[in-house]
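Structure below; questions to follow.
Laboratory data are not the source of any read-out in this text; all were calculated from the coordinates shown. Keep in mind it's a predicted model, so treat the numbers as computed, not measured. All Cβ positions, glycine included, derive from the backbone under ideal geometry; neighbour counts span all protein chains shown.
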Amino acid sequence: MLTTEQKIAARLWKAGQGRWVQSDCKHDSDHNAICHLFEEIRYEINAIGIDRNKNVGLTSLMKGYAALSPGQRSLIENVGWLDVREREKLTNPDGYFDVSIPLSLILGFPEDYRKIVINAKHELILRRAKSDVNAIMQTAPEGCKVVIHKLEWLIPYVSDRRKIQLLKFIERDAPISLSFRTWELYEYPLLPTTSKHVWAVKTSSQLEKPRYVILGFQTSRKNKKNKKASQIDHSNIRDVKLFLNSQCYPYGNLNLDIDHNHFALLHEMYANIQATYYGKDPEHLLKKNEFLECAPLIVIDCSKQNESFKVGPVDIRLEFEAQDNFPADTSAFCLILHDRIVENNPISGGVKKLV
């Protein structure tokens, strides 16, 4: 898929008083605020859904922290990702803003599939969140909401000469495989107030077994108007294990002690995902202190798997332990990155998911 992007122009509205936000309104756009405006985004080809992102704000946040590099800091400001310490502002004093978001930051298909999909109807379905409270951190008693004025989907132009070449290539209507990695977010909404917990995340097929798993925690942040919904909390985590049936990742214990500044292994796991996921030298976005402060994610590489996983379903289970009991109102989020293959017949228009 050639690079596409979504452009949004909007303005903040001061609810209850029926007027546009002015500089006296006490609000602050959250990090990655724009994605929090949408509950779900789906990509369809010929009316068949091939990829989707649920809980767009957190999914794109967790995946983005793992994927982005320091050289992209100026680029992602235009996307609505403020700098990690949020010293920048998204809106002007009158509440106006616009952003341009590459779909590769939101969905796995545009990120991985870099070829032209010809003779097909492409649709992008966006479902707005019920509330904008996760996008705007507010301290004033009256609420603010985002009013979208314009939404555009920008797709690169393909020349007529190139189209003719492609039509000759597809004239036999041979099926074309569209291979990519999709992102699925699972939520454990309320952890018990214990120091250890076992989470049976899901049972997957062989073809959809995880290649990478990213785990994060939040305490009393979701749908709280005075809290940052894009902040990840470390919850004083001590150890995490991922089980795919009986196979365990990582093999050894993490032995974290965040109170005593012992979390180097956690940051190393976060930094190394770029080497295996993208096949490039790691250039992680967050320095060690920024990582702990903003996004202490547990990134588990399970791409190297035992041959015994070739048959049967795969039970995905997480076991994690904290130094103390998990605080009240703590949620866990598990982002699973796995393979997907879609078969497209460009002449007849048939589209089906093989994985």
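Which of the peptides 62-73, 270-281 is most tightly packed, and how do the rest follow, judged by the mean count of other Cβ atoms within 10 Å per residue? Don't skip to the answer; put the middle values down first.
On the way: 62-73: 18.4, 270-281: 15.2.
Peptide ranking by packing, descending: 62-73, 270-281.
Over the chain, what is the mean sequence separation of C-alpha contacts under 8 Å (at least six apart), divided by residue count, expressed as relative contact order in percent?
Details: 789 pairs, mean separation 93.4, N = 355.
26 percent.
Also, I was wondering about something else. Quick one: what are the phi-derived ³J(HN,Hα) couplings along the range 270-278, Karplus 6.51/-1.76/1.60 with θ = phi - 60°, whole Hz, x for glycine and proline?
Values, residue by residue: 5, 6, 7, 4, 5, 5, 8, 6, 10 Hz.
Sort 205-216, 151-162 by packing, meaning the average of other beta carbons within 10 Å per residue, with the highest value first.
Numbers: 205-216: 18.8, 151-162: 10.5.
Peptide ranking by packing, descending: 205-216, 151-162.
Which entry in [x] 251; [y] 153; [z] 220 is this structure's computed volume of the Cα convex hull per residue in Å³?
[y]
Quick one: which residues, 5+ away or cross-chain, put their amide H under 5 Å from the amide H of Tyr186? H built at 1.01 Å from N.
Long-range HN contacts for Tyr186: Cys334, Leu335, Ile336.
While we're on this one: For Ser331, what charge total do you get from the other residues with a beta carbon under 12 Å from its beta carbon, if Lys and Arg give +1 and Asp and Glu give -1? Before the final figure, lay out the partial values.
Numbers: positive: Arg221, Lys222, Lys224; negative: Glu187, Asp233, Asp329.
Overall, the nearby charge balance is 0.
With θ taken as phi - 60° and the coefficients 6.51, -1.76 and 1.60, list the Karplus ³J(HN,Hα) couplings across the range 96-104 in order, rounded to whole Hz; mark glycine and proline as x.
The phi angles translate into 7, 6, 8, 9, 10, 10, x, 5, 5 Hz.
Then there's this: In terms of modelled amide H atoms, which long-range or inter-chain residues lie less than 5 Å from the amide H of His262?
Amide H neighbours of His262, under 5 Å, 5+ apart: Asp257.
Separate question: Which whole-Hz ³J(HN,Hα) couplings does the range 238-249 yield from phi under the Karplus relation 6.51 cos²θ - 1.76 cosθ + 1.60, θ = phi - 60°, glycine and proline marked x?
Rounded to whole hertz, the list is 10, 8, 9, 10, 9, 10, 10, 6, 9, 7, 10, 9.
Still on this model: What's the extension gain from Asn223 to Lys353 if we count 0.36 nm per residue and subtract their Cα-Cα distance? Walk me through the intermediate numbers first.
Numbers: separation 130, 0.36 × 130 = 46.80 nm, distance 3.43 nm.
Full-extension gain reported as 43.4 nm.
Next up: Using R₀ = 51 Å, calculate the FRET efficiency as 1/(1 + (r/R₀)^6) where r is the Cβ-Cβ separation of Cys248 and Lys150; round to 0.05. Don't skip to the end; give the middle numbers.
Numbers: r = 49 Å, r/R0 = 0.97.
Between Cys248 and Lys150 the formula returns 0.55.
Can you compute the charge dipole magnitude of the chain about its Cα centre, using +1 on each Lys and Arg Cβ and -1 on each Asp and Glu Cβ, nothing else charged? Give it in debye, rounded to the nearest 20. Walk me through the intermediate numbers first.
Working: 48 positive and 44 negative charges, 190 e Å.
In total the dipole reaches around 920 debye.
How big is the range 177-341 by the Kirkwood estimate over distinct Cα pairs, in Å? Walk me through the numbers on the way to the answer.
Values: mean 1/r = 0.0600 Å⁻¹.
After inverting the pairwise mean of 1/r, the radius is 16.7 Å.
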